[in-house]
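Taking it in order: structure first as structure tokens, then the write-up.
The values are calculated or read from the model by the stated rules, or taken from the named source; none is laboratory data. Here the structure is a predicted model, which is why all the values come from computation and not from measurement. Note: ideal-geometry Cβ built from the backbone for every residue, glycine included; neighbour counts use all protein chains shown. Ligands, DNA and RNA are excluded from the accessible area calculation, which covers all protein heavy atoms including side chains. Shrake-Rupley method; radii C 1.70, N 1.55, O 1.52, S 1.80 Å.
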Amino acid sequence: MSDKKHYFITTAIDYANSKPHIGHAYEKVTADIIARYKRLKGYEVYFSTGTDEHSLNVMAKAKETGVDPKAYVDNIAVAFKDLCTQYKITITDFVQTSEVRHAKAVSEIFRRCFETGDIYKGTYEGWYCKSCESFYAQGELTEDNCCPTHKSKADLIKEDNYFLKITKYTDKLLKHIEDNPDFIQPETRRNEILAMLKSGFRDVSVSRPGLNWGIPLPVDHTQTVYVWFDALINYATAAGFATDEEKFKKYWPADAHIIGKDITKFHCIIWPIMLMSAGLALPKKVFGHGFLLNKGEKMSKTRGNIVDPVNIANVFGVDVIRYYFAANITNGSDGEFSEDSIILCYNTDLANDLGNLINRSLNMVEKYCGAKVPQYYETILDDKMKAIVEQAKQLHKVYGERMDVFNLSGSLDAAWDLISMANKLIEDEAPWNLQKNNKIHELETVLYILLEVIRLVSIVILPVMPDTASRIWAKLGVNYDEKTIIIDEELHFGKLAKGGAVAKGDPLFPRILDEKEAEKLKALKEKTLK
Ligand code: ME8
């Protein structure tokens, strides 16, 4: 194993009761951008996702389709793996909770908690929502006894369960959260969890009786492990818990769990307490992102308002959707998702701002400098040139600060500020006039600044739009490779070698034609998941 510093990042694992939807793609892209960024910072990244398979809905769906639950989930897992491939998600592991390695990890953690005396038998009487597989107190439901998240009817159940002593650990957990402001992010999620803990959090059921799809309790084979206790352990499974001690020592604790805001209670209260009870270290950070909304409502299969991630990426291109997620939705907040706003984002940010800058700049370098990177004369900078060079010199710092707190849109803003300045510089300096007036040093310096801005921007967008970045590199004639590039060395103004050959080639983002787009959208809507 290498001695490189390492970083273990995870997404949630998705319910295997239906095909992936756009919310799943959003979460995976968010985590992938962070994973790629960490690699550029020199980390060896372990990145896991997977499918959550022991749910009641899976059992019901398998029965409905007349197949064995295992065959059913294996088939769905393929769809999620394909989604990762299509969206260029650089995972290193995919955990299916029906795998043997996972059953080993779950049994071992259950056994440890049981032996610590933190799991006891009792009777649960109350509400249960099958959609989120959650137990609810009466007060948490809507007036007509519906789940607050899924708006579907909850079931009133009474059954013997094994319970985990959450109450034994709440003070310790509160202290941990207060002492480690980074543990739960963003701040709103942290405050929600603190409030939940302070208002009193009951012990939770960690088993269900009479189900034949799930991991049997090591201490009572009439019960299976409750699906959330089971699913949370996937992170330890990925790190090698109970199967590969050396790997687990290397990667545990996880550096970041990227999850949706609906499941922070599980990740920030139940999961840490399971780990405390089992004597394992807590993850360093849980980041609860927001929801993709459709007309103000969470997009979800239950509500029937979802978009098929496969089709939408086929229409617009994977890089465009990845950029749209990162630039348009503030990480941690909800964001509207609509085809119209994708078109707007494409036309303005990609075609107008970035695409135009590249096209115009390379055009001029071909025309005025024989398609060679020109010279840069620092002594002749005027105020406008100085301002953009100064801003470019700040980029490494600003970008790093924003990415380190997972502020993805902010990191792109830093690049787009430069792009705007560069487009403005073209208007202000009018290189065609500099050429006409034989101000060759000024002309070359302006064009060099433009090329440098494009190179710097290509590095910033690399984790977000990997294909676009490498297409820009081909145009600039730089021989970067995502696998070897080190951001701390390259994200500095002035590194572009003078005299290198550039090639304008095809425009990167030809502007979307409205008519053509309408046709594409129509086809897309017809294919949207029912
Ligand atoms: O919750 N916008 O699975 P899941 C953004 N199996 N994110 C969304 C979203 C939306 N509209 N809809 C869902 C589960 N997500 C459990 C997790 S982890 C140990 C077990 C996010 O398929 C959601 O918030 O319902 C969650 O983080 C992930 O997709 C999987 O959701």
Which ones in region 349-373 are basic (K, R) and part of a helix (DSSP H, G or I)?
-> R360, K367
May I ask you to list the residues in region 462-508 that are more than 27 Å from T445 (Cβ to Cβ) and part of a loop (DSSP other than H, G, I, E, B)?
-> P463, V464, M465, D481, E482, K483, T484, I486, D506
Quick one: is I76 over 21 Å from G210 (Cα atoms) and crowded, with 20+ Cβ neighbours inside 10 Å?
-> yes
So which residues in region 271-294 are over 18 Å from the mean Cα position of the chain (by Cα) and either modelled with pLDDT under 95 or within 10 Å of the ligand (Cβ to nearest atom) (or both), if there are any at all?
-> W271, N294
Within region 207-235, residues without any contact (Cβ under 8 Å) to a residue 60 or more places away in the chain, under 21 Å from E115 (Cβ atoms) and within 16 Å of the ligand (Cβ to nearest atom) come out as L232
Consider I233 carefully, then state whether it is of a type in the set (A, V, I, L, M, F, W, C), buried (at least 23 other Cβ atoms within 10 Å of the Cβ) and under 25 Å from Y26 (Cα atoms).
-> yes
Tell me, yes or no, whether region 79-98 has at least one residue that is more than 16 Å from the ligand (Cβ to nearest atom) and within 18 Å of A238 (Cα to Cα).
-> yes
With respect to S152, determine if the residue is within 18 Å of A12 (Cβ to Cβ), of a type in the set (S, T, Y), open to solvent by less than 50 Å² (accessible area, probe 1.4 Å) and touching a strand residue (DSSP E or B) at 6+ places or on another chain (Cβ under 9 Å).
-> no
Taking the condition open to solvent by 30 Å² or more (accessible area, probe 1.4 Å), closer than 25 Å to N331 by Cβ and either within 16 Å of the ligand (Cβ to nearest atom) or in a helix (DSSP H, G or I) (or both), does D262 pass?
-> yes
Pairs, please: C-beta under 9 Å, at least 6 apart or cross-chain, first residue under 20 Å from G240 (Cβ atoms) and among the aromatic types (F, W, Y) and in region 262-280, second outside any helix (DSSP H, G or I) and within 13 Å of the ligand (Cβ to nearest atom)?
-> W271/I233; W271/H257; W271/P283; W271/V286
Could you check how many residues of region 460-472 are in contact with a helix residue (DSSP H, G or I) (Cβ under 6 Å, 6 or more places away or on another chain) and open to solvent by less than 50 Å² (accessible area, probe 1.4 Å)?
-> 9
Residues being away from the ligand (no atom under 15 Å from the Cβ) and among the aromatic types (F, W, Y): count how many of those fall in region 9-41.
-> 1
State whether the residues of region 427-441 include one that is touching a residue at least 24 places away in the same chain (Cβ under 8 Å), under 21 Å from M403 (Cβ atoms) and buried (at least 22 other Cβ atoms within 10 Å of the Cβ).
-> no
For H257, indicate whether it is assigned to a helix (DSSP H, G or I) and either hydrophobic (A, V, I, L, M, F, W, C) or under 22 Å from G23 (Cβ atoms) (or both).
-> no
If you check Y376 against the conditions, is it among the aromatic types (F, W, Y) and part of a helix (DSSP H, G or I)?
-> no
Only one of these conditions is not met by A474: (1) modelled with pLDDT of 95 or more; (2) in contact with a Ser or Thr (Cβ under 9 Å, 6 or more places away or on another chain). Which number is it?
-> (2)
